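Contents: one structure, followed by commentary.
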Amino acid sequence: MIYGLSWFRCHDKSLKFTIFGMLLLTIIHTYLSISFVEFNSKVFGFFHIMTIVVLILMFLSIVFKGIVPVAISCLGLVLLYGSIVIPSIAIDSMGPIYYKASMGNLNFDSISRGSHGFFLLGISMIVFSIIVAYKPSILYIKNRPIPAEDLWTEYPKWDEKMQFAGTRMESLIRIPLLLSDAEKYLLWRYEFILVIIYDTVYQVPIYSCIPESSIILREPKSHKIIGYSKYGYFA
């Protein structure tokens, strides 16, 4: 919870305004859907202008967050605008309607249900765009594959210029001296390899010097050395 609050404070300006905008649009939508204010009235004109301003400001708060959240938010904003405008526009069309040899009846309940549906879908799209823009990790599945770069972060990097205090001092040798001729030939492909030094596995650059007692970490079956390729894939 503390992490969530600190994250929210880091993004509070745009997020707070977006949330405030959604609350304000909720009030406007509720009022217009209940009262069915006429489209040409001054009251509707005031709420119409306010709605447009709020929608524009909500869009500006997310416009620089990437094309995906922008596209989602645009769809949500259009739905919100329609949910507020439709009740007042459709009030003049209430009654029997005819369309392509079919007949229906447009009444208060059908207009209200349609506008509420647009509004809820629009709010859902805005919330989804906020998640994509500010906290996409919420959408990650539980067993999502770990990026290859993150697999190596658990191993510290070896620095031959630094020695642990209190450990025995011994001669240092270059890594190629611990490898076979075939492995020396392929060593140029690696950015670093894994080496056990004083019971700890390190990321060691390929031409570094390491203690003589060090052990090159290898795969159990193939006995190939384990390391990270310079070309972005496992070597």
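The values are calculated or read from the model by the stated rules, or taken from the named source; none is laboratory data. Everything numeric in this text was worked out from a predicted model, so none of it was measured. Glycine gets a Cβ as well: all are built from the backbone with ideal geometry, and neighbour counts include every protein chain shown.
Out of the residues in the stretch 162-187 meeting the condition of being at pLDDT below 70 and within 17 Å of V201 (Cα to Cα), tell me which one is surrounded by the most Cβ atoms within 10 Å (Cβ to Cβ). Steps first, please.
At the first step, the residues of the stretch 162-187 found to be at pLDDT below 70 are 162-170.
With the extra rule that they be within 17 Å of V201 (Cα to Cα), the set shrinks to 162-164, 167.
Working: M162: 7, Q163: 14, F164: 9, T167: 10.
Filtering the stretch 162-187 for residues that are at pLDDT below 70 and within 17 Å of V201 (Cα to Cα), the one surrounded by the most Cβ atoms within 10 Å (Cβ to Cβ) comes out as Q163.
Within the set of pairs 6 or more residues apart or between chains, which connect a residue that is closer than 17 Å to G114 by Cα and in the same structural domain as M22 (by TED's automatic domain parsing) inside the stretch 34-52 to a residue that is aliphatic (A, V, I, L, M) and part of a helix (DSSP H, G or I) with Cβ atoms less than 7 Å apart?
Listed pairs, sorted by first residue: F36/I91; V37/V43.
Restricting attention to the stretch 118-134, which residues are small (G, A, S) and either surrounded by fewer than 20 Cβ atoms within 10 Å (Cβ to Cβ) or not assigned by TED's automatic domain parsing to the domain that holds L32 (or both)?
The initial filter retains those residues of the stretch 118-134 that are small (G, A, S), namely 122, 124, 129, 133.
Selection gives S124 alone.
Being in a helix (DSSP H, G or I), assigned by TED's automatic domain parsing to the domain that holds V132, within 23 Å of S112 (Cβ to Cβ) and modelled with pLDDT of 85 or more narrows it down to one residue among Y81, Y31; which is it?
Working: Y31 fails: modelled with pLDDT of 85 or more.
None of the other options fit; the residue is Y81.
From the list S115, S88, S110, exactly one residue is modelled with pLDDT under 80, surrounded by 14 or more Cβ atoms within 10 Å (Cβ to Cβ) and either in a helix (DSSP H, G or I) or not small (G, A, S) (or both). Which is it?
Matching residue, one of S115, S88, S110: S88.
State yes or no: is D159 assigned to a helix (DSSP H, G or I), at pLDDT 60 or above and surrounded by fewer than 13 Cβ atoms within 10 Å (Cβ to Cβ)? Don't jump to the end; show me each part of the working.
Working: assigned to a helix (DSSP H, G or I): no; at pLDDT 60 or above: yes; surrounded by fewer than 13 Cβ atoms within 10 Å (Cβ to Cβ): yes.
No.
Assess whether S73 counts as being under 17 Å from V127 (Cα atoms), among the polar types (S, T, N, Q) and either surrounded by 12 or more Cβ atoms within 10 Å (Cβ to Cβ) or modelled with pLDDT of 75 or more (or both).
yes
Give all pairs with beta carbons closer than 7 Å in which a residue from the stretch 173-192 that is touching a residue at least 40 places away in the same chain (Cβ under 8 Å) meets a residue that is among the hydroxyl-bearing types (S, T, Y) and loosely packed, with under 14 Cβ neighbours inside 10 Å; count only pairs at least 6 apart in sequence or on separate chains.
I175/Y207; R189/S229; Y190/S229
Test F128 against the stated conditions and say whether it is of a type in the set (F, W, Y), more than 28 Å from F39 (Cα to Cα) and at pLDDT 85 or above.
yes
Sort out which residues of the stretch 49-69 are farther than 29 Å from I111 by Cα and either of a type outside the set (K, R) or part of a helix (DSSP H, G or I) (or both), and write them in order of number.
Across the stretch 49-69, the qualifying residues are L60, S61, I62, V63, F64, G66, I67, V68, P69.
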